[in-house]
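Chemist: Sending over a structure as C-alpha cells; questions will come in a sec.
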Amino acid sequence: MNPSANDSRDLLGPAVPAEADVPPEAAERAATRRSFLLRSGLGLGGVALAQLLGAEGAGAADGALGGVLAAPHFPPRAKRVIYLFQSGGPSQLDLFDHKPLLERLNGEDLPESVRMGQRLTGMSANQARLPLAGSAFRFARHGRSGAPVSELLPLTASIADDLCFLKSLHTEAINHDPAITFFQTGSQQAGRPSMGAWVSYGLGSMNASLPAFCVLIAKAGIDQPLYSRLWGHGFLPSIHQGVQFRSGKDPVLYLGNPAGVTAAGRRKVLDRLQQLHELQLEALGDPEIATRVAQYEMAFRMQTSVPEVMDLSGEPEWVFEMYGPDSRKPGSYAANCILARRLAERGVRFIQLYLTGWDHHGGLPKGIRGQCRMSDQPSAALVKDLKQRGLLDDTVVIWGGEFGRTNYSQGKLTRDDYGRDHHPRCFTAWVAGGGIRPGITHGETDELGYNVARDPVHVHDFQATILHLLGIDHERLTFKYQGRRYRLTDVHGKVVEAILA
C-alpha cells in the first residue's frame, strides 16, 4: 500500500458507501469531503496535477516545481547543496587532525584509559596489541586561519580560509553500510528518505527541466558498495528520488526515445497518457499517480536538458587545467566536479557526488596518496570555481566520509606501512559556502585523536545544520508514515550555531 495514499485517506475521511447499498437520502447524508472532491471539478487528482504540472502557468521561475513548504521556515542562507561524499572513511589523522603526541608514541600500545572499552570491528578486535600509528605525512599550517593540513592535500590547503573544518563529528555506526546510510538518510536502517529527497520534498525544484536531486559516482580503489537506496525517496513520493547521471552515451538510463520514435510522437503519447492518468487519479485519489505523470513530463524535458548539461566540450581550457588531468575523462571524480558546478548553475537543488576507495585497512600510505590525487585538486577547484562565479555564497559544499580511522594500526605496523580500522568516535569533514563561517575549526579531539574533547557534532546535528542553511527547521519538515511523523533527524539533533556566518 502506497504510504502517501494512506495519508490522503486520513485527510479525506472514510470512503462513501456505494449508492446501490443505501437509500439515496442516506447516501447524501453520508457524503464526505472525499465524495465532494471527487464529484466536483476540484478533486484531489486535479489539485495534485495542478501542483505538479501547472507551475509554469502559475508563474514559477523557469517552470520550477514547488515543494511541500509554501516558503522556507526562515530566510535561507543557501539555495543548493553539493555533497562530495568520500566513501570508505578517509583517515582524519593523515589529512586534517595533526597529532604530534601520536607520532612521538608511535608503536606503543593504545592505553585502555583512552579506549575505555570501545567496541572494535572484527577486523582488529582479536589483535594481540593495538600499536599507536603516527601519520607518515607532514603537516603545515595554512592561510590566515592557520589550519593544519597534510602534505597530501596541497590544493585543499590553498583554500583553507574558505573552509570550516568540523573535527568533532561522531556516529554510532562502526561498519560501512549502516554508517553511510546514517549520513545519507538519518537512520542506520535502510528504507528512509535520503537527505536530497527530503530537500526536494520540502523546497521543490528550481528548474523544471532537471531533477531537483542529481547523483554522480566515481569509483576507485577497493570499492565499498553503493546502493541506490542511499539516494532513494523512501516513503516520500517517488519524484523526490535522486537521479543518477552516468558517463557514456546514455547519461540517464531509458531517457532516450527508442529507434523509430520521434519527439513529436513521444509528445502525443505523453499527452494521451496524461489524460488516462487524470481519470485514474480522480477515481482513486492516489497522489503517486500524479507523481508518475510528473516523472514522465520531467523525462521528456530532460531529453534536451541532460545532453546539454553533460556536454563539457564548451568548457574553456582553463577550467580543465584548474580541475586537473582527470577532468577530461568522463565519469572521473574531476569530471563529476565540473558537472556539479554546471548542475548548480542550472538550479539543481541537491547534487550528490560519491568517490569510493577510502577504506584503508592496510597499505594506507600508498592507498591514501592515490585517493588524494583524485580528490584534492577537483574538490578545491570546485570551491574556487563556485566562488569566482558568485555561486559559493548560496551553495553549501560538503567534503567528508561516513566515519574516521583508528589511531592504532590494524595489522602489522612497520616503519613505512600501516593500516587503520573504522573509527566512529571522532572524525573530520569540511564545509564551505552558503552561510558557513569560513576559515574556522569547530571541535577538537584528544591528544591521541581517539575521542572528542570539545564541541561534539553528531550526525543529526550535522544534518540539522545543513537543512537550517536552506531555510528549513529540521523539526518541522516531517512526513506521516504508518502512524508516525518522520523527519531526517529522527528524534534529536540541533543546529551547530557556532559555524554559521
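We did not get these values from a lab; they are worked out from the coordinates using the rules stated. The structure displayed is predicted, hence computed values, not measured ones. Note: ideal-geometry Cβ built from the backbone for every residue, glycine included; neighbour counts use all protein chains shown.
Chemist: Which whole-Hz ³J(HN,Hα) couplings does region 330-340 yield from phi under the Karplus relation 6.51 cos²θ - 1.76 cosθ + 1.60, θ = phi - 60°, glycine and proline marked x?
Modeler: The phi angles translate into x, x, 6, 4, 5, 5, 5, 5, 5, 4, 4 Hz.
Chemist: Next question, about the same structure. Sort Arg292, Arg267 by Cβ crowding within 10 Å, fewest neighbours at the top.
Modeler: On the way: Arg292 20, Arg267 11.
Lowest to highest Cβ neighbour count: Arg267, Arg292.
Chemist: On to the next question. What is the magnitude of the charge dipole of region 143-236 about its Cα centre, with +1 placed on the Cβ of each Lys and Arg, -1 on the Cβ of each Asp and Glu, and no other charges, expressed in debye to the nearest 20?
Modeler: Numbers: 5 positive and 6 negative charges, 40 e Å.
Around 200 debye, computed over region 143-236.
Chemist: May I ask for the distance between the Cα centers of region 176-213 and region 80-102, given as a whole number of Å?
Modeler: Each part's Cα centre sits 22 Å from the other's.
Chemist: To continue, here is another question. Sorted by average packing, counted as other Cβ atoms within 10 angstrom per residue and highest first, what order do 227-235, 204-212, 108-116 take? Before the final figure, lay out the partial values.
Modeler: Working: 227-235: 19.3, 204-212: 23.4, 108-116: 13.1.
So the peptides 227-235, 204-212, 108-116, ranked by packing, come out 204-212, 227-235, 108-116.
Chemist: Mind checking the dipole of region 98-181: about its Cα centre, +1 per Lys or Arg Cβ, -1 per Asp or Glu Cβ, Debye to the nearest 20?
Modeler: Working: 9 positive and 9 negative charges, 42 e Å.
Charge dipole of region 98-181: 200 debye, to the nearest 20.
Chemist: List the residues whose amide H sits under 5 Å from the amide H of Ala453, counting only those 5 or more places along or on another chain, with H placed 1.01 Å from N in the peptide plane.
Modeler: The answer is Glu444, Thr445, Asp446.
Chemist: So for Ser332, Ser379, Ser145, fewest C-beta neighbours within 10 Å to most, what's the order?
Modeler: Ser145, Ser332, Ser379
Chemist: Still on this structure, I have one more. Please list, or write none, the lysines whose alpha carbon is within less than 19 Å of the alpha carbon of Lys366, excluding same-chain residues fewer than 8 places away.
Modeler: Lys219, Lys412
Chemist: Here's another thing I want to ask about it. Treat the count of other C-beta atoms within 10 Å as a stand-in for reagent exposure and order Asp376, Asp97 from fewest to most.
Modeler: Values: Asp376 21, Asp97 26.
Listing Asp376, Asp97 from fewest to most nearby Cβ atoms yields Asp376, Asp97.
Chemist: May I pose another question? If I take R0 = 45 Å and measure r between the Cβ atoms of Val319 and Arg267 in this structure, what FRET efficiency does the formula 1/(1 + (r/R0)^6) give, to the nearest 0.05? Display every interim value, and only then the final one.
Modeler: Details: r = 35 Å, r/R0 = 0.78.
Efficiency at R0 = 45 Å is approximately 0.80.
Chemist: Cα centroid distance between region 327-383 and region 413-491, in Å?
Modeler: Answer, in whole Å: 20.
Chemist: With r defined as the distance between the Cβ atoms of Asp446 and Asp490 and R0 fixed at 25 Å, what FRET efficiency is calculated, to the nearest 0.05? Spell out each step's value before the answer.
Modeler: On the way: r = 28 Å, r/R0 = 1.12.
E(calc), rounded to 0.05, equals 0.35.
Chemist: For the pair Ala70 and Glu112, what calculated FRET efficiency results from E = 1/(1 + (r/R0)^6), where r is the Cβ-Cβ distance and R0 = 51 Å, to the nearest 0.05? Walk me through the intermediate numbers first.
Modeler: On the way: r = 55 Å, r/R0 = 1.08.
It comes out at approximately 0.40.
Chemist: Quote the charge dipole size of region 79-229 about the Cα centre in Debye, to the nearest 20; the model charges only the Cβ of Lys and Arg (+1) and of Asp and Glu (-1). Working shown, then result.
Modeler: Numbers: 14 positive and 12 negative charges, 69 e Å.
Charge dipole, region 79-229, about its Cα centre: 340 debye, nearest 20.
Chemist: Are there trypsin sites (Lys or Arg not before Pro) in region 452-491 that DSSP puts in a loop and that have at most 12 other Cβ atoms within 10 Å, and which ones?
Modeler: Passing sites in region 452-491 are Arg476.
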